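Input: a single structure, listed below in C-alpha cells.
The values are calculated or read from the model by the stated rules, or taken from the named source; none is laboratory data. Fair warning: this is a prediction, and the values are worked out from it, not measured in the lab. Please note: Cβ atoms are built from the backbone with ideal geometry, for glycine as well, and neighbour counts cover all protein chains shown. The accessibility values were calculated without ligands, DNA or RNA, using every heavy atom of the protein model including side chains. Shrake-Rupley method; radii C 1.70, N 1.55, O 1.52, S 1.80 Å.
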Amino acid sequence: MVTSKRGSKDLIRAINYSIILNKIKEIGPVSRAELAKVTGLSSATLTGISAQIIADGLIFEKEMGESKGGRKPILLALNPSGGYAVGIKLTENTLIGVLVNFVGEIIERYNMKLVSKTPESVADLIGNLTEELIKRSQVPKDKLLGVGVGAAGLVDFDRGMLITSPFFRWRNVPFSQLVQNRVGVKTYVDNDVNTLMVAEQLFGAGQNLEHFITITIGRGLGMGIVVNGQIYRGVKSAGEFGHITVHSNGRQCACGKRGCLETLVSDEGLLISGREVCSEPVDSVDDLLQLAESDHNNAQNVFAQAGTLLGAQIANLITVLSPMRIIIGGEGVRFGDWIFKPMHQTIKENIMPYQGEATEVVVEPWGDDRWAVGAACLVLGEFVKSPLYRNSSYD
Ligand SMILES: [Zn+2]
C-alpha cells in the first residue's frame, strides 16, 4: 500500500513537472505568479517543482521585464543548454545528422555516407555519426538526452520497429534497440513525416495547436496528423495521404495499387507527366521546373494539374477532419506558385464556407536540415511529454 501511495505521489509530481516545463516552453519567459495562474497549480507546488527543474538544469531564472520602481521581476525560461539531442535522417545513401540544443537550435551538423546497408552496419554508422557530432560540438556526453532516427517507410513507433523500408528492403527490424545498444542512450525511431510533425509541434507552426496536419511533398507525399495534441497513428500507418486513389485505373504506384495521388504529385509523378507533354528532354523534376520558369506552357500545366489534384484532396481533408492548420513542407516546396497557387485556389473552391475559415493552409520554407532536426525533436518531444503519454516501451 505504501508503495502504491508513494508511486501515485511520484506520478503526480512527474505530471506536474511536465506541465510546468511545457508551459514555460510555450509561453516563457514567464513569472511564477503567471505560471500558477495558467497551470492552476498552487504556488507551493509550483515553487517546489520549478526549483527541481532549475536544479535539473532545464530552465533558468531570467531577470527581465518591466520593473515597477523596485526589483525587476524574475522570469523562468527554458535553458537552451539544458540538454541536447542527435537527429538522424536515414536516406538511401547517406546519414544526415544534426545535434540540437534543448530549444531545437542546430549546434552541429555532419553527414556520413553509407557503406553497407545491413541494419547492424547502419546502426553502427549512426553510432559513429553520433560520436562525431558530440566531438565536434564539444557537448558533454552526459547532456545527450537521446538519438532520434527518421526513416521513410512503415514504422511501429511503439516498438521502435522498422516494418518496411523502401530504401533498404528491410522487414521488421527492431532498429531503435539496435541503435540504442550501440549509442548507449535512449533511441527513438519514427516515420520521417512524423518526425517533422513533432518538430512543428514543439518549435514550429504547430505550436499550441490541438489539431493540425503536416503534409510533405517531394520524393513521396506524406502526412502526419495531430488530434487533441497527440499524434494520430490509427491501427496501421495512418496518414498514407499519397496513396489516396484519385484515378481508379491510373498509373501504377509503388504501393501496388493504381492511380494513387502520389503517382501524379511527387517528384517521380511530375517527371512522368512532364515527359508525356514536353518535347524537350526532361531528366529531372528540376528540368521541368526550369521549363515552367521559362514560360513553357506544358510544363506549367503539369505543375498546375498536380496543384489542383492536391488542392482537391486537401479540401477533402478539411471537410472530414477540420484541422486548425495544415502545414505543407518538404523538398517540393521549391515548386512555389506553380503548384501552390492552383492548390490554394482549388481548396477555396471545394470547402464548405463555414469550415474553410477555420483552417489555415501554410506552405513552410524548407531547409535541407529539417528532416534531421525533426528526428532530434523526437527525443525532445518524448523528454518533455507528460508521463501519461510517454512511450513506456522505451523506459
Ligand atoms: Zn500508392
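Spin-label point model (7 Å from Cα, Cβ direction): what's the THR118 to ARG71 distance in nm?
6.3
Based on Cα coordinates alone, diagonalise the gyration tensor for the range 276-333, multiply each eigenvalue by 5, take square roots, and list the semi-axes in whole Å, largest first.
Value: 29, 12, 8 Å, ordered largest first.
Given Cβ point charges of +1 (Lys, Arg) and -1 (Asp, Glu) and nothing else, what value in debye, to the nearest 20, does the dipole of the range 81-212 about its Cα centre take?
Charge dipole, the range 81-212, about its Cα centre: 380 debye, nearest 20.
May I ask for the angle, rounded to the nearest 10°, between helix 337-350 and the longest principal axis of the chain, with both axes built from Cα atoms and the value confined to 0 to 90°?
80
Heavy-atom accessible area per residue, the range 249-380, 1.4 Å probe: how many Å²?
Here the residues of the range 249-380 average 47 Å² of exposed surface.
Quick one: compute a quarter of the convex hull surface over the Cα atoms of the chain and quote it in nm².
The Cα convex hull of the chain, projected and averaged over all directions, gives 24.1 nm².
Using a 10 Å cut-off on Cβ atoms, rank the peptides 31-42, 157-168 from the highest mean neighbour count down.
Going by the mean number of other Cβ atoms within 10 Å, highest first, we get 157-168, 31-42.
Which percent, nearest 5, of DSSP beta bridges in the range 116-263 are antiparallel?
Counting only bridges with both partners in the range 116-263, antiparallel ones make up about 75 percent.
In debye, nearest 20, what is the charge dipole magnitude of the chain about its Cα centre with +1 on Lys and Arg Cβ and -1 on Asp and Glu Cβ, if you could check?
Dipole magnitude for the chain comes out near 1660 debye.
For the range 195-325, evaluate the Debye formula with one uniform point scatterer on each Cα (no solvent term) and list log10 I(q)/I(0) at q = 0.13, 0.14, 0.18 Å⁻¹, rounded to two decimals.
-0.61, -0.70, -1.00
What dipole magnitude, in Debye to the nearest 20, does the range 206-363 give about its Cα centre under +1 on Lys/Arg Cβ and -1 on Asp/Glu Cβ? Don't skip to the end; give the middle numbers.
Working: 11 positive and 17 negative charges, 139 e Å.
The calculation lands at about 660 debye.
Given points 7 Å out from each Cα along the Cα-Cβ axis, report the SER42 to ASP56 separation in nanometres with one decimal.
2.1
Tell me the carbon and sulfur percent of the accessible area for the chain, rounded to whole percent, probe radius 1.4 Å.
Details: 9690 of 18990 Å².
Carbon and sulfur together cover 51 percent of it.
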